[in-house]
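Rule-based calculations on the coordinates, nothing more; no lab input. Please read these numbers as outputs of a predicted model, since none were measured by experiment. Cβ sites come from the backbone with ideal geometry, for glycine too, and all protein chains shown count toward neighbours.
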Amino acid sequence: MNQSRGLSLLLVTPALIVVLALFVYPLFYSLVSAFTDRAGSFSLENFDKALELYLTDTIFTVVIIGVSTALIALVSIAIGGYLTLGENRRAVAMLAWLYRWPLFVPFIVAAQCMRTFLAKNGLMNNTFVSLGLMDVASTQSFLDWRGIIVTFVWKQAPFVTLMVAGAMASLDRSTIDAARNLGASRLRILLEIVVPQVRGTLMVGLILSFVTMMSVLSVPIMISGGSPTMMTVDMAYRINAHGDYGVANALGFISYLLTGAAAYFYLRQSVRERSA
Amino acid sequence: MRKLWLLSTALAALALAAPAEAQQRVTINVMTAGDQNMVDYITEFLGPQFEKQNPNIRVRAVGTGPGEAGSQKIWERLDAQKKANVAAWDVDVGVVHQTMAGQMVNEKLLDRYRGSIQSGSLVTRDTAKNALGSNVDGYVMPMFHSQTAIAYNPALVANPPKTFDELATWAKANPKKFGHNGIKGGMSGQAFVVGWIYANTPNSQQLMEGPYDAAAKNAWTPAFAKLKEFNQSAVITPGNAGTLDMLNRGEIAMGPVWVDMFYTWQAEGRLAPNMRLSVIGPGMPGQPMYYIIPEKAANRDAARQFVAFATSPAIQAEGIVKRFNWYPGIDAQHVQAHLDQQVWNKLFKDVSPQDLASKGKPLPMAQYFKEILEAYERQVAN
């Protein structure tokens, strides 16, 4: 008993060391640096500066990611719902094949594509103009907050859909069939029978998306140059232009708090699932 | 037997290495800050050319990464070796930005070599003497000068503005037709903001040459208020490349760009050939990169030979101007003889040497520069 315990500790050590050295130590170090001024003593001046200059950006970040998360929920429920309840077999097969594609496209590539797709005289508007749906003078650029949201939703919705559609497929079909026999419409079945049963999975998918989007630098930096912008851009800027790790880490700390809140719900959800 | 061996070795040495002093082969380490194109310039062009002329010297190029951070790494290396009392430092030639060059001179890390190389007398521009407020006279040779300018689409703008004031009026009359990339998306936007401050504050000379005065920033408030208003009718583009892209797609008619990037894009067919450039008054900033030789470079003589070669008119013409579209580090008139008229005309078609001399400004002193960026965040972006 004792020996096997020693052995298992030994086996776990390398992984533990990696986690400590590459994750816990840098995390701790950046937290300390967030609360230290340039002279090296404890202070909140980094937070003062972060809030003074970047409060708008922080709010902007939360709003953008909040809206993106809500849209991702809608899109993934819609796609997942059609895959589960759709009656045209060919359409279902095609959708199932298509919706996963963005999963294999990295954020930076998606951002690069959107940059030429959503521009004022970009691919999308040019197509509309050449189809005669729009006039050249009335085109407008979507390379601002809207572009960021479009890219996030395009990139993350398939990920959540993958999870949600899986959960929907493994539901007990008899509840759906029973509702159908009683004459419920497909929309009603989706909203009142299917979604409540996959709520847990949907939550987890959305939380993971939220945390992922919080950390993306390439999309806001490539799509929108204007201000307000997202916190990741500010962090990169503090380091690249000012060598100011203090304020960058203070911003990092604020985003830890935001993702920490999301992680709390995630853990609560998974604990509940395990005990159920 | 022994005699014969000696004789044959001597003959072989004579045959292999023409100059008598060239028996010993040395390798010099050239460390360069900046993007990959800087390393490419040395490994693909400068190094091979130099080795052809100096068969006993090999050139090894090391890149330390883009931006000021790359220069910072070279400084860290020299600083560490100085503090450890190393007798021969392993960096023979460095290529650095202005801020770090000033700091290295102030900390006595550099060799004062300019007077001892032939091309040293070919550079008279003030950037060879003053780096953002630090006196670097004698310690540096400019490798090239890069310059920002306003790129414009002549199909949309017949008479481009000639000053920042005219630009402000133009932008008001043509809303959303001028684009710049702010301060977080790259240097061309930062340079535009600096140019705006030079144009709209009374103490611009002090910002470039010092002395540093912590109260100076108070005088910028009206200029930033004006810039905030200006931004209302401008477009903020995503990055240096974003400005060029939008210009090319006809979404904006004007925007600040780096001249070398502009020409490189045109040469690669990524930017319409009819686009033009103009450096507007009172002036727009640019910056050189410097060749430096550390105080205790292991191969000092070879390093000096290398820098002399790199800053010779023929190499500046072929490498810096023709291949990379930069402005020469040494004075342009020395380079002209080595260029065919067509290349010369292309480089100076829109921006004449006189324009460069009168409107090419340095960036502000490092401390002011940071304060300008931060004041922009506080007063314009928020």
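Listed by chain and number, the lysines placed with their C-alpha closer than 16 angstrom to that of B:Lys82 are B:Lys73, B:Lys108, B:Lys296; residues fewer than eight positions away on the same chain are left out.
When each of B:Ile330, B:Ile57 is scored by the number of other beta-carbon atoms lying within 10 Å, the sequence from fewest to most is B:Ile57, B:Ile330. For the range B:360-367, the Karplus equation 6.51 cos²θ - 1.76 cosθ + 1.60, evaluated at θ = phi - 60°, returns couplings of x, 9, x, 6, x, 3, 3, 5 Hz by residue, with Gly and Pro reported as x. Taking other Cβ atoms within 10 Å as a rough exposure proxy, A:Trp101, B:Trp89 sort from fewest to most as A:Trp101, B:Trp89. For the peptide A:109-117, the mean number of other protein chain Cβ atoms found within 10 angstrom of a residue's Cβ is 1.
Across the range B:323-336, coupling constants 3J(HN,Hα) worked out from phi with the 6.51/-1.76/1.60 Karplus curve, θ = phi - 60°, read 7, 10, 6, 8, 7, x, x, 7, 4, 4, 5, 6, 8, 3 Hz, and Gly and Pro carry x. Protection proxy ranking for A:85-91, B:123-129, B:73-79, A:75-81, using the average of other Cβ atoms within 10 Å per residue and placing the highest first: A:75-81, B:73-79, B:123-129, A:85-91.
Residues whose amide H falls under 5 Å from that of B:Gly63, counting only those 5 or more places apart or on a different chain, are B:Thr32, with hydrogens built in the peptide plane. The phi torsions of the range A:53-61, fed into the Karplus equation with coefficients 6.51, -1.76 and 1.60 and a -60° offset, translate into couplings of 8, 10, 4, 4, 5, 5, 4, 4, 4 Hz, rounded to whole numbers, with Gly and Pro shown as x.
For peptide B:160-167, the mean count of partner chain Cβ atoms within 10 Å of a residue's Cβ comes to 0. In degrees from 0 to 90, rounded to the nearest 10, what is the angle of the helix B:300-310 Cα long axis to the longest principal axis of chain B? Taking the Cα atoms of chain B, the angle to B:300-310 is about 50 degrees. Note on A:217-228: average number of Cβ atoms from other chains within 10 Å of each residue's Cβ is 5.
List the relative contact order of chain A as a percent without decimals, with contacts defined as Cα pairs under 8 Å and 6+ residues apart.
28 percent
When only alpha carbons are used to place a centre, the range B:246-321 and the range A:19-89 end up 39 Å from one another. Database remark: amide H of B:Thr163 closer than 5 angstrom to the amide H of B:Gly281 (H placed geometrically; neighbours at sequence offset of 5 or more, or on other chains; Pro and chain starts carry no H). Scanning residues 5 or more positions from B:Gly286 or on other chains, those with amide H under 5 Å from its amide H are B:Thr148, B:Lys361, B:Leu363, with H placed 1.01 Å from N in the peptide plane. Principal-axis analysis of the Cα atoms of chain B puts helix B:67-83 at an angle of about 40° to the longest axis. Once the C-beta distance of A:Val105 and A:Leu74 is scaled by a Förster radius of 30 Å, the resulting FRET efficiency is 0.90 to the nearest 0.05.
First check a/c for the protein assembly as shown, with a ≥ b ≥ c the square roots of the eigenvalues of its C-alpha gyration tensor; if it is under 1.5, answer rounded, and if not, answer prolate when a/b is larger than b/c or oblate otherwise.
Values: a/c = 1.97, a/b = 1.53, b/c = 1.29.
Verdict is prolate for the protein assembly as shown.
Of the chymotrypsin sites (Phe, Trp or Tyr not before Pro) in the range B:189-237, which ones lie in a loop per DSSP and count no more than 14 other C-beta atoms within 10 Å?
Details: sites: B:Phe192, B:Trp196, B:Tyr198, B:Tyr212, B:Trp220, B:Phe224, B:Phe230; in loops: B:Tyr212.
Counting only loop positions with at most 14 other Cβ atoms within 10 Å, the chymotrypsin sites (Phe, Trp or Tyr not before Pro) in the range B:189-237 are B:Tyr212.
Going down the list B:Lys129/B:Lys322; B:Lys176/B:Lys346; A:Lys49/B:Lys83; A:Lys120/B:Lys322; B:Lys226/B:Lys361, which pairs span over 23 Å between their C-alpha atoms? B:Lys129/B:Lys322; B:Lys176/B:Lys346; A:Lys49/B:Lys83; A:Lys120/B:Lys322, as the Cα separations exceed 23 Å there. Mean-square fluctuations from a GNM of chain B, with a 10 angstrom spring cutoff on Cα atoms, peak among B:Leu244, B:Leu363, B:Leu227 at B:Leu227. The angle between the Cα long axis of helix B:187-200 and the longest principal axis of the Cα atoms of chain B comes to about 60 degrees, rounded to the nearest 10.
By count of other Cβ within 10 Å, fewest leading, how are A:Met134, B:Met254 ordered?
On the way: A:Met134 16, B:Met254 26.
If I rank by nearby Cβ atoms, fewest first, I get A:Met134, B:Met254.
Oblate is the label for the range A:188-276, because a/c, from the alpha-carbon gyration tensor with a ≥ b ≥ c as root eigenvalues, is 1.5 or above and a/b does not exceed b/c.
Classify the range A:45-275 from the C-alpha gyration tensor, please: rounded if a/c falls under 1.5, else prolate or oblate depending on whether a/b exceeds b/c.
On the way: a/c = 2.78, a/b = 1.36, b/c = 2.05.
Oblate.
Loop-resident trypsin sites (Lys or Arg not before Pro) (DSSP state other than H, G, I, E or B) in the range B:282-376 with no more than 13 further Cβ atoms inside 10 Å of their Cβ: B:Lys349.
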